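Below you'll find the structure, written out as structure tokens, and then a few comments.
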Amino acid sequence: MLLEKFVNMTEMGAERPLFLWYEDYKLLAAGILLNLEEVYNSIDKETETSKNIKQLIEILRSELPNEFMLAKHLMYVSSLFTGVSGAELEEQELISRYLLAVKKFYHLAQTSEHFADFRRRLKEKLSTEEQKAFDLKLFQHEGMMYCLEFYLSLYKAVQDAPSELEKRKYIESTEVNLGFGFVPGLWTDFNQDEALAKFIYSILDDDIRIKLTEAYFSAKLVIMKIHLNCDKQGNCQALYNDITLENVVSAFQEFIISLINVFEEKGVERLGSLFLKPYGDKVKLGEIKRQIVVS
């Protein structure tokens, strides 16, 4: 069924960047093409839907598609399903899943494309040494304050919480107080991809950025398995789907260790401690890593 194949593709695209599921993509694309070409051959070629299907077919045939164009045209062809009336309940549920997933896929791909353009323009203007200097400053400021120190503060709060209920508050609450004001809880922060927009996607060093992107989405895949329903007052009910609190904390820990490793690789050896001092003032990252590993 074509709709099921679209759902499978868009849900994968909603979870993580294409390069992290490319082998699955190739199999899904081959299956979709068989059905989509049949649909294209059976409809009026003058319609907007037909034009969008043709463009999607061309994208799916390419060896390495532009992720944003793929997501955009998957959204465009949603008219194939949204105009269906009297659909069976199961099909209606699939349509709802598809529409939700394709919007998330589009947003994630659009963000990636925006920062790819930003990096291309910057690399055209900066020499190799200037690019290294840009990255170092990025790590020392935005990366330190908005990512490393924030995540370390949140991780330590979870570790120091006296009960499972208290630990879960730091993960499930839309906002938490780490002692210096309210910040997003862990689930909300990853759901909004704050780290990507504020730090990771701006890194010019391709190897470092790809390594950190992979670590980020490895953690996000686990954290997003928590199904969170929140009311307008910010009160949330969490359902852990096939995972435990320990799984979530472990995934978060692994991401933080990967984060510390790339900071050290960039030559940043201590916390900046401008506002957040979860492990003390300007502590060495190697010492923090040792504490985290044994915690």
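We did not get these values from a lab; they are worked out from the coordinates using the rules stated. Source: prediction; values computed, not measured. FYI the Cβ positions are ideal-geometry reconstructions off the backbone, even for glycines, and counts take in every protein chain you see.
Ignoring aspartates and glutamates fewer than eight residues from K277 along the same chain, the ones with Cα atoms less than 17 angstrom from its Cα are E142, E149, D160, E269, E287.
Considering only the chain, what is the antiparallel percent among its DSSP beta bridges, to the nearest 5? In the chain, approximately 90 percent of DSSP beta bridges are antiparallel ones. Separation of region 181-215 from region 267-282 is 19 Å, based on Cα centroids. For the options E15, E88, E58, a Gaussian network treatment of the chain with springs between C-alpha atoms closer than 10 Å singles out E88 as fluctuating the most. Highest mean packing comes first when the peptides 92-102, 18-28, 238-248 are listed by Cβ atoms within 10 Å, giving 92-102, 18-28, 238-248. Among N177, F105, A116, whose Cα lies farthest out toward the positive end of the dipole of region 90-200, if unit charges sit on the beta carbon of Lys, Arg (+1) and Asp, Glu (-1)? Looking along the dipole axis, the top candidate is A116.
Dividing the C-alpha radius of gyration of the chain by 2.2 N^0.38 Å, with N its residue count, gives 1.14. Cross-link pairs exceeding 29 Å between alpha carbons, from the set K26/K72; K103/K167; K167/K284; K132/K198; K104/K169; K198/K225: K103/K167. Is region 127-294 best put as rounded, prolate or oblate by its Cα gyration tensor, with a ≥ b ≥ c the root eigenvalues, rounded for a/c under 1.5, and otherwise prolate when a/b is larger than b/c, oblate when not? Here region 127-294 falls in the prolate category. Take the Cα of Y146, go 7 Å toward its beta carbon, and the backbone nitrogen atoms of region 104-123 under 19 Å from that spot belong to 107-123. For K232, a cut-off of 19 angstrom between C-alpha atoms picks up these aspartates and glutamates, skipping any fewer than 8 places away in its own chain: E172, E175, D189.
In the chain, the calculated helix contribution to ellipticity at 222 nm averages -21000 deg cm²/dmol per residue, counting -39,500 (n - 2.57) for every DSSP H run with n ≥ 4. Ranking M144, N191, A219 by Cα position along the charge dipole of region 127-294, where only Lys, Arg, Asp and Glu carry charges on their C-beta atoms, puts M144 farthest toward the positive end. Taking only the Cα atoms of region 206-279, the ratio Rg/Rh comes out at 1.08, with Rh defined as the Kirkwood radius. Only Lys, Arg, Asp and Glu carry charge here, each on its Cβ (+1 for the first two, -1 for the last two); on that basis the chain has a dipole of about 860 debye about its Cα centre. Taking the inverse of the mean 1/r over every pair of distinct Cα atoms in region 44-161 gives a Kirkwood hydrodynamic radius of 18.4 Å. Overall, region 127-294 carries a charge dipole of about 320 debye about its Cα centre when +1 sits on the Cβ of Lys and Arg and -1 on the Cβ of Asp and Glu, all other atoms neutral. Debye-formula intensities of region 2-107, expressed as log10 I(q)/I(0) at q = 0.18 Å⁻¹, are -0.85 (one equal scatterer per alpha-carbon, no solvent).
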